[in-house]
Amino acid sequence: MNRERSIQLYDTAKGVIPGGVNSPARSWAAVGGNPLFLTRGTGSRVWDADGNEYIDYVCSWGPLILGHANERVVAAITQAASEGTSFGAPTERENEIAQFVADAYESIDMVRFVNSGTEATMSALRLARAYTGRSKIVKFEGGYHGHSDALLVAAGSGALAHGVPDSAGVTESFAQDTLLSKFNDLASVDAHFTSFPDDIACVIVEPIAGNMGVVPPQDGFLQGLRDLTTKHGALLVFDEVITGFRVEYGGAQQRYGINADITCLGKIIGGGMPVGAYGGSAEVMATVAPLGAMYQAGTLSGNPVAMAAGIATLKQLQEPGVYNALGAKAASLAAGLQEVFADAEVPLRINRVGSMMTLFFNTEEVTGWESVSASDREGFGRFFHNMLEEGVYLPPSPFEAMFVSTAHTDDDIQTTLESARRALA
Ligand code: HOZ
């Protein structure tokens, strides 16, 4: 495959953008090589600047559950843009999508829209602190909740892949209020409540970890978090930026039957446009300005074009059978890959929930940070590059989720499996 144009563009980018990218995970530092510069996408496919075509399992890191350039989403964006791209004043579309979110989540009466998942989680922490009057928060090793200061401690995603899980520039005073626990280990959470019974404002968790690769919650883990936080008067914050409207229409909360106090959303609710949101009960959300004393604002929040894309996406996800079909497709891909790897005698552990999954090059079951860290990064990197040569674009990191969209066809799955067989050979 010729990738000359991508190489040239990356060289140019490095002169004017730090590391040539606007988000470190895109630099391919975790797998080596030159990132692809993409020019267009349709359905399950993307094309790079040299005209090479790929089956895409990155799907913009999760938002594109309907695939690229979905017709109804593009029409909604075009219509909204033609009516004005930003007003900095309320618009009716905000009411419509807020109602969709409140209807989807039993735990949400009110929701505030922001511009990214980072803003959503950052605001959720401020809200939890304002509501409880407490300062400390508990997060999990390998959990990634965007790049606000308090959350860049033992962080996953690009921070983990680049070896900077504790970012420079985060002062000790910020980090000291962030307590770390181990995912799927309730005792490690309980220990913090024993040490600081009256100081913990919230526990923030990705209910299905997605930024150290996909790690599902073990039986009882989320219920245990619910019980511990309730017992100690702390709030439970679910970061459903990836899982919201992904694993079920009502996210991980619907899937596992556990309600959070504050839910953070992003990705899918923006239909490929920049959107985040945080929501909860009317009582908790009454703390947010202008109702209450916790301040948070944004010129482009609730942007009409982004709201239109989100509405068009959620409407399609409300159609019967969408999640069953997505799950079945992802299951057949996972089963096929497991078989291909077994035939090649290469150890592989696939963690999958619905249409999100990670291929861990591990011999042991992957249940948390330690087992994630034991994966064969180089092996993944070789597989990634061989798949790319085959025209299959996987996430360029062993610690990210791959996504199946409604646009992926059975043919795409079969082609991917044949590619994997050759890639391993
Ligand atoms: N935080 C995203 C992965 N979980 C990466 C976003 C990007 O680099 O575009």
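Read the figures in this text as sums done on the coordinates, not as results from a lab. Predicted, not measured: the structure shown is a model, and the values here were computed from it. Here Cβ is always computed from backbone atoms with ideal geometry, including for glycine, and neighbour counts include all displayed protein chains.
Could you tell me whether residue 118 is of a type in the set (Val, Ile, Thr), under 30 Å from residue 191 (Cα atoms) and within 16 Å of the ligand (Cβ to nearest atom)? Criteria met by residue 118.
Of everything in the range 238-260, what is surrounded by fewer than 24 Cβ atoms within 10 Å (Cβ to Cβ) and part of a loop (DSSP other than H, G, I, E, B)? Give them in sequence order. Answer for the range 238-260, where residues must be surrounded by fewer than 24 Cβ atoms within 10 Å (Cβ to Cβ) and part of a loop (DSSP other than H, G, I, E, B): 248, 249, 250, 257, 258, 259. The residues on offer are 51, 43, and the sole one that is away from the ligand (no atom under 16 Å from the Cβ), surrounded by 12 or more Cβ atoms within 10 Å (Cβ to Cβ) and at positive phi is 43. Checking each residue in the range 28-46 for being free of Cβ contacts under 8 Å to residues at least 60 places away in the same chain and in a loop (DSSP other than H, G, I, E, B) picks out 34, 37. In the range 363-374, the condition of being among the polar types (S, T, N, Q), buried (at least 23 other Cβ atoms within 10 Å of the Cβ) and out of contact with any Lys or Arg (no Cβ under 8 Å at 6 or more places or on another chain) is met by no residue.
Residue 387 passes every criterion in (1) exposed (fewer than 15 other Cβ atoms within 10 Å of the Cβ); (2) in contact with a Leu (Cβ under 6 Å, 6 or more places away or on another chain) apart from (1).
Looking across the range 18-27, the residues that are within 12 Å of the ligand (Cβ to nearest atom) and either surrounded by 22 or more Cβ atoms within 10 Å (Cβ to Cβ) or assigned to a helix (DSSP H, G or I) (or both) come down to 19, 24, 25, 26, 27. Scanning the range 1-17 for residues that are within 16 Å of the ligand (Cβ to nearest atom) and either surrounded by 15 or more Cβ atoms within 10 Å (Cβ to Cβ) or closer than 15 Å to residue 392 by Cα (or both) turns up 10, 13. Scanning the range 261-296 for residues that are aliphatic (A, V, I, L, M), within 30 Å of residue 41 (Cβ to Cβ) and not in a loop (DSSP other than H, G, I, E, B) yields 265, 268, 269, 277.
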